[in-house]
Structure formats: structure tokens, C-alpha cells
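**Q** Would you mind keeping the following structure in view while I ask a few things?
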Amino acid sequence: MKNSPTTSNVDPFDLRKLYKYLRVVDVCDAMDGIGYFDIGLMSPEIRPLWLGMKFWGVALTIRCVPANRPMWKLDSTEDIVNAHGIWFKEMGHIGIDHLIQPGHVVVMDSGGGREVGFWGSENSMGTVRKGAVGIITDGYCRDTAEVALQKTPVCARARGRTIIPGRIEVAEVQAKIACGGVQVRPGDIVGCDDDGIVVVPLEVAGEVATHARAILLADMRARRKHYESLEKQPDSTVDFAAVEQYYAQFE
């Protein structure tokens, strides 16, 4: 696999393999090292909804805008249950199911609208079933207890309660967007762990991965020595031999 930062025809789904073991902090340090200070560093307000979440993937973007029409009064319980379908039939909807590939991270610009649970426990799980490894929104997610219970990898700025009809519309997909104060383009590499979220521009993602790997391994070796000095049982976070073995296939 070629890791040149100037490679224009690199497959981002192939490149993401280089990020498997990396921490967000390793990648941030590497980006600092090549002069990309604070580039891709998403606002800390956008957080994983449960501890222990970690993913690296390829950005699939959604740009939303506030709806210009309120939802009308529905006539029956059946209609209320089917509110989304009724709204989409009347107003239209741009979906992403046909675009999702295994390894995608769905990143959404919510358009700065009011509270709306665009993402919830059911549609986020459906997106993961299609192959997405993560979902990030600068807006809201609802059903958050279920999202955490399911271990569905959703990061959001806030927890919400309301539904889509009359509040938000998808304007376009797979376009350059802003999310959490950073630019995100289709194909960029996006990562998340307990420390937050970082977006790596595709054109430098190979170079960043190389430097970040060295940072990670140096840290693992140093921490392994502390473990040994303290007679602490080693765990996977200090198993540098396994990480080196994994990356050897890309040399």
C-alpha cells in the first residue's frame, strides 16, 4: 500500500486499514508534526454517546437545513406512527442507504436548526447494518439510552427528543460540509474514541498514519515498562508486538 500524501488515486477504504490501532491523540500529534495544527480537530461538544466507542472510517457526508414548512395535524394514531413516511412522501427525502459501503462514517451537518432527533436507536442501527462503522452529527440524537445499550457508534452534540417532520430536511449528500467547526469531504478519514473526533484530509492521511503509528508504538513501549515496574498485568494497550505484527503487512 502506497502511503504518499500526494497520491490522488488512493482508495480511502484501503487506507483506513492503517488506522486500525491508532488513537485519536496519536493522529492529532502526527497532524501537528506535519504543520496541520488544529486542522480536523472537531469541537469537543460533539461526543460519543457511550464510553469505549472507537472507530476509523471513510467520510460519507450529509448536509441538512431547517424545514420551511411545519408538520400538519395528523388524523389518526396510525398516521402519527407513520409520520416520517407521510412527511417524506409529501416533501421528498434524500437517502444514503444506497451509498453506504462497509467502513463508511456518516458525518452530518445539521444546518444549525432547532432540536430534532434526526438520529435515533432504529435508524442508526439500520445504518450500521448497511456497513457504517460510525455516525457523527453536530445536531441531536434521541433514544440515547437504547443507542448506548445497543453500542451503536453515534457521536452527537446534544441529546434530543423530537422527530424529523416539520423540522429538518436533507439538502444534499456526498458534498463538502462543515461539522463541529471543521471541513469534512467525502473520502476523508474520520476517527473517534473517548478523547473526541478528528478528521484527516485524504491527501495527507497516509503520511499521518505513518507518523501516528510511530507515536503509538513509542507510547506503548514506554507504558509497558511502567507496567513491568509496577508488576501490573499487561493488557492490549501495551501489546506493542501485536501492533507491530499487524502493520508489518503494509511494509
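The values are calculated or read from the model by the stated rules, or taken from the named source; none is laboratory data. Given the structure is predicted, the values throughout are model-derived calculations rather than measurements. All Cβ positions, even for glycine, are placed from backbone atoms using ideal geometry, and neighbour counts span all protein chains on display.
**Q** Could you check how many residues of the range 84-133 are without any contact (Cβ under 8 Å) to a residue 60 or more places away in the chain, surrounded by 19 or more Cβ atoms within 10 Å (Cβ to Cβ) and either under 14 Å from Ala156 (Cα atoms) or not assigned by TED's automatic domain parsing to the domain that holds Pro66 (or both)?
**A** Looking only at that region, the number is 9.
**Q** Go through Val81, Val27 for me and flag whichever is of a type in the set (Val, Ile, Thr) and not assigned by TED's automatic domain parsing to the domain that holds Gly187.
**A** Val27
**Q** Just give me the residues in the range 9-68 being among the charged types (D, E, K, R) and free of Cβ contacts under 8 Å to residues at least 60 places away in the same chain, in sequence order.
**A** Listed by number, the residues that qualify are Asp11, Asp14, Asp32, Asp38.
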